[in-house]
Amino acid sequence: MGIGAVKAVFLDRDGVLNEAVVREGRPYPPAGLEDLKLVPDASEALGRLKAAGFLLLVVTNQPDVAKGTQSRDVVEAINAALRAALPIDDVLVCWHADRDACSCRKPKPGLLLDAASRYGIDLAASFMVGDRWRDIDAGAAAGCRTVLIERDYRERAPAAEPDFRAISLASAANWMIANALIH
């Protein structure tokens, strides 16, 4: 894997940038634009990361499209609303369910590796921020440092220990800026 010159922050979408809908201790995406709520510190935190020179990329699993319980149009509308509200450079989506055994569904690192190739990203100088085990394991598999935003979901822990555990996106941004590798 080649080393690029770009440092990036990969961000999960639901539960990191926007509020996840939590049912029985498990997070789900908003059903539509009417349910989309940004996390309170998203704009400020991403603004600081952008000012620190990071490329900001959303990497999100959206398996409900493959399962037929959500339309691709709704997911794309939510992504467009997030891009309009936040300084996001790109949104990369895995549209598959686990049964598809694709390389892009987190915890596999395909979305991150594809972005690294496309944008010349130095993965060792980059971070993956997520609220679930799949995000942390994908970031670790790609060679990024990882940040888990603690949401206290009822699900398994990451196989890889996160480099940092944050209570909010703002605290995650503080840690990433303080621990960025200088090139």
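Going through 49, 57 one at a time, which residue ends up being under 15 Å from the mean Cα position of the chain (by Cα) and either assigned to a helix (DSSP H, G or I) or among the hydroxyl-bearing types (Ser, Thr, Tyr) (or both)?
On the way: 57 fails: either assigned to a helix (DSSP H, G or I) or among the hydroxyl-bearing types (Ser, Thr, Tyr) (or both).
The match here is 49.
Can you pull out the residues in the range 63-96 that are among the polar types (S, T, N, Q) and at pLDDT below 95? Before the answer, list the steps.
Taking the range 63-96 as the starting set, the residues that turn out to be among the polar types (S, T, N, Q) are 69-71, 79.
Across the range 63-96, the qualifying residues are 69, 70, 71.
Could you tell me which residue of the range 14-60 is surrounded by the fewest Cβ atoms within 10 Å (Cβ to Cβ), considering only residues that are acidic (Asp, Glu) and in contact with a strand residue (DSSP E or B) (Cβ under 9 Å, 6 or more places away or on another chain)? Can you show your working first?
As a first pass, look at the range 14-60 and keep what is acidic (Asp, Glu): 14, 19, 24, 34-35, 41, 44.
Narrowing further to those that are in contact with a strand residue (DSSP E or B) (Cβ under 9 Å, 6 or more places away or on another chain): 14, 19, 35.
Values: 14: 21, 19: 18, 35: 13.
The extreme case among them is 35.
Test of understanding: among 129, 74, which residue is within 23 Å of residue 21 (Cα to Cα) and within 17 Å of the chain's Cα centre (by Cα)?
Sole residue among the options that is within 23 Å of residue 21 (Cα to Cα) and within 17 Å of the chain's Cα centre (by Cα): 129.
Quick one: would you say residue 11 is more than 20 Å from residue 106 (Cβ to Cβ), out of contact with any Cys (no Cβ under 6 Å at 6 or more places or on another chain), surrounded by 18 or more Cβ atoms within 10 Å (Cβ to Cβ) and at pLDDT 95 or above? Let's see the steps before the verdict.
Numbers: more than 20 Å from residue 106 (Cβ to Cβ): no; out of contact with any Cys (no Cβ under 6 Å at 6 or more places or on another chain): yes; surrounded by 18 or more Cβ atoms within 10 Å (Cβ to Cβ): yes; at pLDDT 95 or above: yes.
No.
Could we say that residue 83 is among the basic types (Lys, Arg), without any contact (Cβ under 8 Å) to a residue 24 or more places away in the chain and touching a strand residue (DSSP E or B) at 6+ places or on another chain (Cβ under 7 Å) here? Working first, answer last.
On the way: among the basic types (Lys, Arg): yes; without any contact (Cβ under 8 Å) to a residue 24 or more places away in the chain: yes; touching a strand residue (DSSP E or B) at 6+ places or on another chain (Cβ under 7 Å): yes.
For residue 83, the condition - among the basic types (Lys, Arg), without any contact (Cβ under 8 Å) to a residue 24 or more places away in the chain and touching a strand residue (DSSP E or B) at 6+ places or on another chain (Cβ under 7 Å) - is met.
For the range 158-183, give me each residue that is more than 16 Å from residue 42 (Cβ to Cβ) and in contact with a helix residue (DSSP H, G or I) (Cβ under 6 Å, 6 or more places away or on another chain).
158, 159, 160, 162, 164, 181
Going through the range 109-156 one residue at a time, which ones are of a type in the set (Gly, Ala, Ser), under 18 Å from residue 96 (Cβ atoms) and free of Cβ contacts under 8 Å to residues at least 24 places away in the same chain?
Answer for the range 109-156, where residues must be of a type in the set (Gly, Ala, Ser), under 18 Å from residue 96 (Cβ atoms) and free of Cβ contacts under 8 Å to residues at least 24 places away in the same chain: just 110.
Only residues that are of a type in the set (Ser, Thr, Tyr) and either more than 30 Å from residue 123 (Cβ to Cβ) or in contact (Cβ under 8 Å) with a residue 40 or more places away in the chain (or both): list them for the range 9-50, please.
Listed by number, the list holds a single entry, 43.
Residues 153, 119: which one is touching a Leu at 6+ places or on another chain (Cβ under 7 Å) and hydroxyl-bearing (Ser, Thr, Tyr)? Spell out how you get there, then give the answer.
Numbers: 153 fails: touching a Leu at 6+ places or on another chain (Cβ under 7 Å).
Just one listed residue meets the conditions, 119.
The values are calculated or read from the model by the stated rules, or taken from the named source; none is laboratory data. Values in this document were obtained by computation on a predicted structure and should not be read as measured data. Reconstructed Cβ throughout: ideal geometry from the backbone, glycine too, with neighbour counts over all protein chains shown.
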